[in-house]
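Participant: Mind looking over this structure? Questions follow.
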């Protein structure tokens, strides 16, 4: 039974300055952002993973397709994985036409998000610079700029003088070991408050009747008719999931996990082209604002932006060896510091306050795996590497459509799992290896 | 609160004879050597040091140590300096950070009035509309960013790094830590003792107790007499895999800050305990301090913290503070005992100072006038290093703090982290921990040595892993004091109150992580060392659960912040140049970065360089070209396996071009390989591929074909490589080459010869040419590169010999239609896309990528083609897209383009859809300017001399 | 910094080595079906636990070698560790 989500519940109060003032004056408290629900024995669809992807998927299932009998399951708390560990950069200046179209849609959805979800996600479109330190990388920047322009995305190559104007703290002289030769400038790129995106989708989905279940770990996926043991594998179909809180029957299971995507998919007998690597990040103590744009250097393996709180947030490339540990390493911060100081020698006295890492599911072609699998009813939205956050809205929208209609929307055709059977990989490597 | 310097204290660390002058917000101040910035200011009567982040409330001393969130200041160009820890230096320019226009009058303090609206996370609920105004809102919010200012001209000063491999590292130099270090050292271990403070001793330093002072003297003497290496003002910031430790040394004599990397065989964590603030109304008013702050001010720096004090004490530290305060003449208005149910509910006064305290003691509720409130409410166990080692500490409600659960066996806790005892008990536990650490370190040392094949042999069997037989420390009962019956600040640096946390929990942000993220509690400079447990307590209270049920958050590295400068160190970035570089530099070279290499790009006029090669003869330094010396009977099999073409019948003295594909069929590298002798081959790779191909070769040999006899030696930098190209190259070579017949029949195209060149023996040269001209590629022992280059220049002066650079070579190779792997191909370009179908020999039994290349015949693949714009004067950019007519549909792209000085027209290589690859196909190229131009695919890749007559000449 | 047990050089910092990924057998290129070959190219077990994998001692002996590592705890199975599972340095 698919109910109309909008009628499911009484609408909770909207967020606004007036409501803040009213509640402040009266000393009233706000209702819960999402309900605490009892876990039912059956749902129309189960989404595994309560991060931005899973929550966006649930939101769009309800909003666009009227599917509100949906449970989002997370083994920890909402946003505990990559959603809360990324560096919150949003951009659409990809290399392939498929990538550009897809991420352009995502940027568009981010632009509307604050109003649509009625929560301030603080999308700061402050501009995004991808620096080139060699003629080869400058050539790739030009390539990206041309493909971007054809896809209607605002993106161009600028020289050191313009870079200095956009971002005075960068050393654009010829003193560094690898001088800055140019940059791909992408004005719509920027940063978002990542946690607010999680909470916003959760709250909006909750309002339509979707249930969020934290501390609910999926331990198996129940299948029948497949060619593997227990009815799993190709040719079979999903019948439910087993969790630490009991079994749930459902015809649709959507794997929206990161870090654990291959383990979850294996539960349905689906093998993925994924290896899991930690991606580390770090933040400094705050200082007054001085870095107006997001700065990325692929050659130096670093990306950096300054938060509204004044901290510099950094990231780099994934750790070199596959593993599921998120403890972080000293060599990461050492390398990071060296590269940041190559770009901005003036920040030598800033102090690293905290480092952390999250798990990334890397695919061979730096593109995600999305859509239906050989197991009917089991969909994946995985393999997001280091760029999953920026794709969350569009991924949720498209996967919801795939799940609700049984089709494969055009925007995600190129990202099908079957491309690895056919050898038809996506050519995004040049832009995404250290692209944030 | 009135603070002032008192008479000499027996334990003080200041040198009253050494007066230091400094500035505070522009005004002149002075202090003594041994003062911290904060103690000097406090001694001078200052009591406001900063303003809070959101409400801009005045903030005074809280803990008077490194973790004090209220003592963040700017010193010169150094932001966020901890004034509670940083030692005063003469001439310091100290400024407050988060106040405008001044610390005393701060406009944003008006925000306090809006407190009820500015609840934690309020910004998520507003500023959504109108959307276009958000950037403006954002700029305003950003002005609330706390912290100091950076000066973008700050130089990256000297920072070195140190590596050390001690048996035992002891983190923390209180009595337990010192005892551990001494015992480990006595047991024969090499020991590094790391003291966060400026001197060892931990809490003994600021104790006025005679027994404590005697013990401190004794421990220091023992350390002096031992082999223990002591680092002061240094912190173990992180424990990483296999006890890899980051240590920041802040008092290095030369480096501003130094990172020490220690591979400890065992780590002893003895960081002591951190005083936990108590949450009640007005707990952030200047004048509310911890007992540690009071005792440090009095005993270390001779500063009286106030005139009339209320002490809320729930432990011995609070009691000791009473004694110390009385000794310096602070009137004790009341002692409220937290162990017997006494409590503090609020302070009263102005925003700038405590004037009275509301207590609930033995006399019931009363208001007591005081300018100082000392609150001894308990401790937080800084379990960071244990967390980093994977431990999840467990809360003990009877002792009101967390304790280690099950750290890995090469990480041992002692001191307050492990439990409570009197001084002797702490020393005994420390010593037992040190002995255990030494015994386990000995086992690890033995193992490391015995597992290293080429290390010195190690005697005997590996010592058994020593069992932990330490008598555990006790746990003193302590009341659970987190929040009084009023609400107050939980996070001073973020302005987050217990009310905010409770509201957040009720709103659904009811796990610690969610609440932290929503409210930003614990995100400030001490990263929760003061705030975390109170945060957990507030959430627990809101949920009606215990602290154990709510659990704690994971403490992440670093334990203490460290500068980017220290982490970066000296920033060594190697530069590679050939032995001929001095000549290039003396001859107006313009260099290009190619990975780590600096290569000659041109010498002023690349077009002229091209013409000179086409007309006369030119030299190019191609030293970075990858070179692998391959020897052994199975080399032909190896070449056949790695290249797509055939190699079994290459004769001695012959050279062949080969293309390598990866197992997915994608072009990996290309180059020529020559057979120098019966079992001796030289493989060349692209310059950028040199390292990767070497590993690729080793991988195949070692993992797939370990039975093959091939020895691989990388010789890229063992030879300087010079390509001599042009119609007069044979004439030039004949003048310098003494023992080889250079005649076209004797030394034809695609052959290799060994020769003596310009008197240099053991050179080899092959007749190949990327430029399309008659050419000789010379490889001379690297040390003789410059000599041979100069000899060629001298010998050919009458032939018009000149240098040419990479740019000239690129033009000429493009004229010849040679593709460059990685430029004209990309990460998805399969072998056949290069147009070299005939090179791929699918009848070979096996070679890398064979199945994909076989199946590629049935696939629709983009093709590399040569393209000429219809307008010969227009050079499309490398990256210009090839589109369908006036649409935006992408059909390919230009991968290389130049203006050809030989043909006087623009020439290109590009990748296009397969149905556009035939010669004569008309294309539309979209220039960066937006203009669309016509272009035509030509029949073959070579724009110039397609028959190859010149290079065979 | 992980210590990787090189059979020749002994325990070395992981930054001295190049990671070679999961060990897996190469199918016969003459008989492999596209599905088998592409499984070899792209599909990985990626367990959160014990994994046989390859390393290249790039800054040391230049040998490729294969070891078992637990990807959840980063301990190496060979050589086995005395004491408790997360203990020693090698």
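Participant: For the modelled label position 7 Å from the Cα of residue B:23 along Cα-to-Cβ, which residues of the stretch B:70-86 have backbone nitrogen atoms closer than 12 Å?
Facilitator: Hits in the stretch B:70-86 for residue B:23 at 12 Å: B:76-77.
Participant: Once you sort the root eigenvalues of the Cα gyration tensor of the stretch B:316-355 as a ≥ b ≥ c, which label holds: rounded (a/c under 1.5), prolate (a/b larger than b/c) or oblate (the other case)? Can you show the working numbers first?
Facilitator: On the way: a/c = 2.66, a/b = 1.18, b/c = 2.26.
Judged from the Cα gyration tensor, the stretch B:316-355 comes out oblate (a/c at least 1.5, b/c at or above a/b).
Participant: Within the stretch B:323-343, what residues put their amide N at less than 16 Å from the label point 7 Å along the Cα-to-Cβ vector of residue B:369?
Facilitator: Label zone hits: B:331-334.
Participant: From the Cα gyration tensor of the stretch B:159-287, with a ≥ b ≥ c the square roots of its eigenvalues, which class applies: rounded if a/c is under 1.5, or else prolate if a/b is larger than b/c, or else oblate?
Facilitator: Judged from the Cα gyration tensor, the stretch B:159-287 comes out oblate (a/c at least 1.5, b/c at or above a/b).
Participant: Which of A:223, A:256 has the fewest other C-beta atoms within 10 Å, and how do the rest follow up to the most?
Facilitator: On the way: A:223 27, A:256 32.
The order, fewest Cβ neighbours first, is A:223, A:256.
Participant: Please work out how much length the chain gains when fully extended from residue B:163 to residue B:654, using 0.36 nm per residue of separation minus the C-alpha to C-alpha distance, in nm with one decimal.
Facilitator: Working: separation 491, 0.36 × 491 = 176.76 nm, distance 5.04 nm.
Contour length minus the Cα-Cα distance gives 171.7 nm.
Participant: Listing B:28, C:52, B:730, A:91 from the residue with the fewest other Cβ atoms within 10 Å to the one with the most, what is the order?
Facilitator: Starting with the residue having the fewest Cβ neighbours, the order is B:28, C:52, B:730, A:91.
Participant: Moving to a separate point now. Among C:70, C:54, C:30, which one shows the highest mean-square fluctuation when chain C is modelled as a Gaussian network with alpha-carbon springs under 10 Å?
Facilitator: C:30
Participant: Note the full-extension length gain between residue B:4 and residue B:209 as 0.36 nm times their separation in residues minus their Cα-Cα distance, in nm to one decimal.
Facilitator: Separation in residues times 0.36 nm, less the Cα-Cα distance, equals 71.6 nm.
Participant: Could you give me the radius of gyration and the Dmax of the protein assembly as shown, taking only the C-alpha atoms into account and expressing both in angstrom?
Facilitator: 34.8, 116
Participant: If you don't mind, there's one more thing I want to ask. Can you list the residues of the stretch C:1-38 with backbone N under 17 Å from a point 7 Å past the Cα of residue C:45, pointing along Cα to Cβ?
Facilitator: Answer for the stretch C:1-38: C:20-27.
Participant: How would you classify the stretch B:858-953 from its alpha-carbon gyration tensor, with a ≥ b ≥ c the square roots of the eigenvalues: rounded for a/c under 1.5, else prolate if a/b is greater than b/c, otherwise oblate?
Facilitator: Cα axes put the stretch B:858-953 in the oblate bin.
Participant: Between residue B:590 and residue B:251, how high is the FRET efficiency from 1/(1 + (r/R0)^6) when r is the Cβ-Cβ distance and R₀ = 56 Å? Nearest 0.05.
Facilitator: 0.75
Participant: Which of A:97, A:12, A:31 moves most in a GNM of chain A, Cα contacts under 10 Å?
Facilitator: A:31
Participant: Here's a follow-up. Please report the orientation-averaged projected area of chain B, defined via the convex hull of its C-alpha atoms, in nm².
Facilitator: That works out to 49.6 nm².
Participant: Shifting gears a bit: Only Cα pairs under 8 Å and at least 6 apart count here; give the relative contact order of chain B as a rounded whole percent.
Facilitator: Result for chain B is 9 percent.
Participant: In whole Å, how far is the Cα centre of the stretch A:357-411 from that of the stretch B:330-352?
Facilitator: With the stretch A:357-411 and the stretch B:330-352 each reduced to a Cα centre, they are spaced 59 Å.
Participant: In degrees between 0 and 90, to the nearest 10, how far off the longest principal axis of chain A does helix A:194-207 point, with axes built from Cα atoms?
Facilitator: 20
Participant: Take the alpha-carbon positions of the stretch B:607-813, form their convex hull, and give its projected area averaged over all directions (one quarter of the hull surface) in nm². Kindly include the intermediate steps, with their values, before the conclusion.
Facilitator: Values: hull surface 44.0 nm².
Convex hull of Cα atoms, orientation-averaged projection: 11.0 nm².
Participant: Compute the distance from the alpha-carbon center of the stretch B:871-887 to that of the stretch A:150-196, in whole Å.
Facilitator: The stretch B:871-887 and the stretch A:150-196 have Cα centres spaced 25 Å from each other.
Participant: Tell me, what is the percent relative contact order of the stretch A:286-436, built from C-alpha pairs under 8 Å that lie six or more residues apart?
Facilitator: Rounded, it is 21 percent for the stretch A:286-436.
Participant: Quick check: Cα centre of the stretch B:477-543 to Cα centre of the stretch B:769-840, how many Å?
Facilitator: So the separation of the two Cα centres works out to 67 Å.
Participant: Obtain the nm distance between the two label points defined at residue B:394 and residue B:924 by a simple spin-label model: each point lies 7 Å from its Cα along the Cα-to-C-beta direction.
Facilitator: For the pair residue B:394/residue B:924, the computed spacing is 7.4 nm.
Participant: Label-point separation (nm) for residue C:63 and residue A:237, each offset 7 Å from Cα along Cα-to-Cβ?
Facilitator: 5.5
Participant: Using a simple spin-label model with points 7 Å from Cα along the Cα→Cβ vector, what separation in nm is obtained for residue B:793 and residue B:845?
Facilitator: Roughly 5.2 nm, to one decimal.
Participant: Using just the helices of chain B, give the 222 nm mean residue ellipticity in deg cm²/dmol: DSSP H runs with n ≥ 4 each add -39,500 (n - 2.57), and the total is spread over all residues, rounded to 500. Walk me through the numbers on the way to the answer.
Facilitator: Numbers: 22 runs with 212 residues, N = 953.
One gets -6500 deg cm²/dmol as the mean residue ellipticity at 222 nm.
Participant: Counting DSSP beta bridges in chain B, what percent are antiparallel, to the nearest 5? Walk me through the numbers before you get to the answer.
Facilitator: Numbers: 128 of 166 bridges.
Expressed as a percentage, antiparallel bridges in chain B total about 75.
Participant: Please rank B:925, B:589, fewest neighbouring Cβ atoms within 10 Å first, as an exposure proxy.
Facilitator: B:589, B:925
Participant: For the stretch B:607-813, what's the relative contact order in percent, using C-alpha pairs closer than 8 Å and at least 6 residues apart?
Facilitator: Relative contact order here is 28 percent.
Since every read-out is calculated from the coordinates, none of them should be taken as a lab result. Remember, predicted model here, so these are calculated numbers, not experimental data. Neighbour counts are summed over all protein chains in view; Cβ atoms, including those assigned to glycine, are modelled from backbone coordinates with ideal geometry.
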